[in-house]
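The values are calculated or read from the model by the stated rules, or taken from the named source; none is laboratory data. Predicted model, so just to flag it, every value in this text is computed and none were measured. Ideal geometry is used to build each Cβ from the backbone, glycine not excepted, and the neighbour counts take in all protein chains shown.
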Amino acid sequence: MSSIKDLWNNKGILYNMSKSDFKSRFSGSYFGVFWAIIQPLMTILIFWFVFQVGFRAQPISNAPFILWLCAAMIPWNFFSDAIINSTGAFTSYSFVVKKLVFKVSLLPLVKIIASFFLNLAFNLLLIIIFSIYGYFPGIHLIDILYYNICIFMLVTVVAYFISTLNVFFRDTSQIIGILLQFGIWLTPIMWEESVIPEKYRWFIKLNPIYYIVNGYREALINHNWFFAHPRQTFYFWFVVIVIGWIGISFFKKMKPHFADVL
């Protein structure tokens, strides 16, 4: 509760630092923040061309393949971008960490919120694309809001652990990059979970990102509410709480030693 109170009291600083961090990623480039949209958009188009044009992918769940793909790629892009950037939250702001008056616990959130700015734009673009195809989510926009809260919380609890670990083990960022490359293929984003024998599908569902990716598709394509799968919902939040307890405990334990290694 004290941590939540600190965040609320420093919300202005958090917002301004996040906005500044987002702009700094593209400082010096001619197109600026547009690169933040162009790069992931090109990734989606490449995957669409490979699967739709090359492999002749058929509509899935009676929806065009491009909609089925985008519904999963948008949340994954935010997850991947936020995890990569938050890994170096403490090392990239080492000059701030050494200031005793600054709330160091804000730094992972600065990186995550900076990535979330872009995520909001992509969610809006996603809704527009679905509306053009006649799949406007309507009241199920509530589901999209819920799943954005889910992914924000998941990224946050993971970020506190990996950003703390990166202070003492600088290879963490490279390891995270490799794990994310595996993650995009282990998560049913470009492929249907039906290709896996039913008795093994439980293993895929252990991945908390599955809950969010599948939730986006359920809401946008099938118009199903987020509470339609109570066991998956319970499992997801249980995982978030466990990771959060581990990550925040690790952060609090190692925080006094940050200044010694930065």
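Things worth noting here:
- Candidate set from the stretch 192-209 (those that are in a helix (DSSP H, G or I), under 26 Å from residue 62 (Cβ atoms) and within 21 Å of the chain's Cα centre (by Cα)); member that is modelled with the highest pLDDT: 209
- Set 218, 193, 198: member being surrounded by fewer than 14 Cβ atoms within 10 Å (Cβ to Cβ) and either of a type in the set (Asp, Glu) or touching a strand residue (DSSP E or B) at 6+ places or on another chain (Cβ under 8 Å) (or both): 198
- Subset of the stretch 1-36 (residues that are modelled with pLDDT under 75, outside any loop (DSSP other than H, G, I, E, B), within 14 Å of residue 103 (Cα to Cα) and not small (Gly, Ala, Ser)): 4, 5, 6, 7, 8, 9, 11
- Unique match (being in a helix (DSSP H, G or I), touching a helix residue (DSSP H, G or I) at 6+ places or on another chain (Cβ under 7 Å) and of a type outside the set (Gly, Ala, Ser)) among 142, 189, 176: 176
- Of all residues in the stretch 221-245 being surrounded by 13 or more Cβ atoms within 10 Å (Cβ to Cβ) and β-branched (Val, Ile, Thr), the one that is nearest to the chain's Cα centre (by Cα): 240
- Test: residue in the stretch 58-67 that is under 23 Å from the mean Cα position of the chain (by Cα), over 19 Å from residue 177 (Cβ atoms), of a type in the set (A, V, I, L, M) and at pLDDT 70 or above: yes
- Subset of the stretch 107-139 that is assigned to a helix (DSSP H, G or I) and of a type in the set (Phe, Trp, Tyr) - its residue that is surrounded by the fewest Cβ atoms within 10 Å (Cβ to Cβ): 117
- Within the stretch 184-210, residues that are farther than 24 Å from residue 152 by Cα reach partners that are among the acidic types (Asp, Glu) and modelled with pLDDT under 85 with beta carbons closer than 9 Å, at six or more positions or on different chains, in the pairs 201/193.
- Of the residues in the stretch 203-214, at least one is surrounded by 12 or more Cβ atoms within 10 Å (Cβ to Cβ), of a type outside the set (Val, Ile, Thr) and farther than 20 Å from residue 145 by Cα.
- Of all residues assigned to the stretch 151-171, none qualifies as being over 25 Å from residue 94 (Cα atoms), part of a helix (DSSP H, G or I), of a type outside the set (A, V, I, L, M, F, W, C) and within 16 Å of the chain's Cα centre (by Cα).
- Test: residue in the stretch 161-180 that is touching a Ser or Thr at 6+ places or on another chain (Cβ under 8 Å), among the β-branched types (Val, Ile, Thr) and within 26 Å of residue 48 (Cβ to Cβ): no
- When 95, 51, 79 are screened for being crowded, with 19+ Cβ neighbours inside 10 Å and either at pLDDT below 85 or within 12 Å of the chain's Cα centre (by Cα) (or both), only 79 passes.
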